[in-house]
Amino acid sequence: MPVGTVLVTGGTGYIGSFTTLALLDAGYDVVIVDSLYNSSKVALDRIELLAGRRPDFYQIDITDEKALDEVFAKHPSIDSVIHFAALKAVGESSVIPLEYYRVNVGGSIALLQSMSRNNVTNIVFSSSATVYGDATRFPNMIPIPEHCPIGPTNTYGRTKSMIEDVISDYINAQRNNLEKEGKPFQQWNGALLRYFNPCGAHPSGIMGEDPQGVPFNLLPLLGQVATGQREKLLVYGEDYPSRDGTAIRDYIHVVDLARGHLVALNYLRANQPGVKAWNLGSGRGSTVFEIVKAFSAVVGRDLKYEVVARRAGDVLDLTANPTLANTELNWKTELTMEKACEDLWRWVSNNPQGYRQEPPAE
Ligand code: NAD
Ligand code: WQD
């Protein structure tokens with residue numbers, strides 16, 4: 001008997017595929033919905049190769065409520081949802097904001113409505129540290145605790161903080177309305193997981209990040225420099241008030257992050273109803289130069305870079321205070337940023353074309 005059945009939206013994507021693997025390994029059945037906008041079905045083969053089981057898969061758009069209803073009807077055992085499906089390119093979000101609000105916010109509303117109609121009441125949501133914006137504008141907010149005021153500085157971040165509000169308002173309204181009516185009710189549970197900087201790949205070299213277009217995050221770009229697909233890394237700014245002048249981020253191994261979803265889901269299914277936000281980060285900040293050094297060390301040679309001006313919208317320091325997740329979810333990172341570099345290098349050197357080639361022999 002499975003522990004339960006989970007609908008994973010965006011489950012063929014980077015973090016969704018690792019979370020699906022963690023859920024299957026923990027005994028859950030998984031049903032994935034994804035439009036394949038930024039992922040490929042090959043992820044399902046790699047999940048199966050590692051888990052020995054294949055999740056069910058439906059290629060549908062998250063804004064399509066009717067299609068979501070059909071999936072719930074076909075899988076009445078689904079009792080929880082982990083919601084990853086979204087557009088996530090910060091730069092693009094300010095160029096086509098309506099599309100970001102339509103897919104991210106509209107898609108989340110469609111999902112909640114369909115969940116509600118189908119009596120599915122547990123939701124784990126992919127939020128982001130980007131909802132905090134520049135936490136250095138407040139005293140004593142680095143490392144960043146969950147009570148740091150929200151203040152996203154870009155459209156993508158605003159979609160995430162809006163969805164947090166939509167989920168919270170809905171869950172709180174459910175309780176208030178039904179309590180007022182004195183009716184028996186199934187209370188909703190929600191986890192808003194604010195990830196810091198996810199990175200790395202599966203230690204086997206079989207599963208990793210495979211975006212459909214050009215990557216824009218630091219480590220995938222460094223990976224392309226190492227495989228010769230890119231001439232050099234552009235380091236955005238050396239004039240930050242940090243230990244070496246470059247900006248600080250909290251890099252979290254995707255395997256740790258996936259486990260964070262599993263423990264959050266287990267917590268929701270076992271504890272008091274309601275909605276709560278948790279930071280998923282390591283608590284350790286690394287500068288851009290420290291990342292370049294760590295990745296060069298695993299590659300075994302210096303990687304070419306050039307310092308250019310700061311990137312618009314970047315902030316000095318996004319380091320998590322993960323105490324709440326450590327204590328309440330009993331979750332903490334086990335894998336270091338150096339281990340993420342090692343696993344990423346195994347992934348990109350074995351699969352320079354991502355999922356568009358055969359997996360390496362185990
Ligand atoms: P990803 O692009 O690899 O995964 C997102 C998945 O959603 C993809 O498989 C994509 O095809 C799918 N999708 C996009 N639009 C869709 C739609 N309209 N209908 C159905 N599916 C759709 O990204 P990821 O890095 O795995 O991110 C997963 C989630 O985590 C996203 O919500 C993202 O905003 C959030 N997040 C990511 C990061 C990060 O740095 N990777 C950090 C914080 C939060
Ligand atoms: C990391 C550091 C850059 C590229 C973004 C989103 C955030 C979350 C994670 C989704 C920064 C520097 C980068 C390059 C560089 N995603 N850099 N040269 O900006 O911290 O966070 O991804 O939710 O919401 O904003 O991540 O990997 O782009 O950058 O010098 O070519 O590397 O300036 O200091 P970021 P990143």
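Per-structure values
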| read-out | value |
| --- | --- |
| Between helix 42-51 and the chain: long-axis angle, C-alpha atoms, 0 to 90°, nearest 10 | 80 degrees |
| Global geometry of the range 198-281, whether rounded, prolate or oblate, following the gyration tensor of its Cα atoms and the 1.5 cut on a/c | oblate |
| Solvent exposure of the range 217-326 as accessible area per residue, Å², 1.4 Å probe | 42 Å² |
| Too-long pairs where the Cα-Cα distance tops 28 Å, listed order kept, from 41/232; 88/232; 88/276; 304/339; 66/332; 74/180 | 41/232; 66/332; 74/180 |
| FRET efficiency, 1/(1 + (r/R0)^6) with R0 41 Å, evaluated for residue 66 and residue 356 via beta carbons | 0.80 |
| Average Cα contact separation per residue, the chain, under 8 Å, 6 or more apart, as relative contact order % | 19 percent |
| Cα gyration tensor category, rounded, prolate or oblate, for the range 223-362 with a/c compared to 1.5 | oblate |
| Karplus-derived 3J(HN,Hα), 6.51/-1.76/1.60, for each residue of the range 207-221, Hz, glycine and proline x | 10, x, 7, 9, x, 6, x, 7, x, 10, 8, 4, 5, x, 5 |
| Within the chain, percent of DSSP bridges classed antiparallel, to nearest 5 | 5 percent |
| Amide H partners (placed H, <5 Å) of residue 283, local residues excluded | 320 |
| Integer Hz, Karplus 6.51/-1.76/1.60 couplings in order for the range 18-26, x for Gly and Pro | 5, 6, 4, 4, 4, 5, 4, 4, 8 |
| Sequence of 356, 53 from largest to smallest accessible area, 1.4 Å probe | 356, 53 |
| Total formal charge among the other residues, if their Cβ is under 10 angstrom from that of residue 127, Lys/Arg +1 and Asp/Glu -1 | +1 |
| Rounded percent of accessible protein surface that carbon and sulfur make up, the range 74-189, 1.4 Å probe | 54 percent |
| Residue-wise HN-Hα coupling along the range 291-301, computed from phi with Karplus coefficients 6.51, -1.76, 1.60 (Hz; x: Gly, Pro) | 5, 4, 5, 5, 6, 4, 5, 6, 6, x, 7 |
| For the range 26-112, with +1 on Lys and Arg beta carbons and -1 on Asp and Glu, the positive-most of 83, 106, 73 along the dipole | 83 |
| Percent of alpha-carbon pairs separated by more than 25 Å within the range 1-156 | 36 percent |
| Other-chain or far-sequence residues with amide H under 5 Å of residue 32's (modelled H) | 8, 56, 57, 58 |
| Label point distance in nm, residue 173-residue 98, each placed 7 Å from Cα along Cα→Cβ | 2.5 nm |
| Helix 337-350 axis, angle to the chain major axis (alpha carbon atoms, nearest 10°) | 80 degrees |
| Computed helical MRE - 222 nm, the chain, DSSP H runs ≥ 4 contributing -39500 (n - 2.57), nearest 500 | -11500 deg cm²/dmol |
| If the convex hull is drawn through the Cα atoms of the range 79-150, its volume per residue in Å³ | 109 Å³ |
| Value of D in µm² per second that Stokes-Einstein yields for the chain, Kirkwood Rh from Cα pairs, at 4 °C (1.567 mPa s) | 62 µm²/s |
| GNM top mover of 220, 55, 139 - the chain, alpha-carbon springs below 10 Å | 139 |
| Hydrodynamic radius (Kirkwood) for the range 148-294, which is based on Cα pairs only, to one decimal in Å | 18.5 Å |
| The range 15-87: C-alpha gyration tensor shape, a/c 1.5 cut-off, then a/b vs b/c | oblate |
| Angle in degrees between helix 65-74 and the longest Cα principal axis of the chain, rounded to the nearest 10 | 70 degrees |
| Mean-position separation - Cα centroids, the range 110-139 and the range 45-61, in angstrom | 25 Å |
| Solvent exposure ordering (accessible area, 1.4 Å, most first) of 115, 162, 1 | 1, 162, 115 |
| Dipole magnitude of the range 1-124, debye to nearest 20 (Cβ charges: Lys/Arg +1, Asp/Glu -1, about Cα centre) | 80 debye |
| Size of charge dipole - the range 62-135 - debye, nearest 20, with Cβ of Lys, Arg +1 and Asp, Glu -1, no other charges | 100 debye |
| Inter-probe distance in nm under a simple model that places probes 7 Å from Cα toward Cβ, at residue 74 and residue 150 | 3.3 nm |
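The values are calculated or read from the model by the stated rules, or taken from the named source; none is laboratory data. Because the structure is predicted, anything quoted here is derived from the model rather than measured. Positions of Cβ are generated from backbone atoms using ideal geometry, with glycine treated the same way; all protein chains shown enter the neighbour counts. Calculation scope for accessible area: heavy atoms of the full protein, side chains included, ligands and nucleic acids excluded. Shrake-Rupley method; radii C 1.70, N 1.55, O 1.52, S 1.80 Å.
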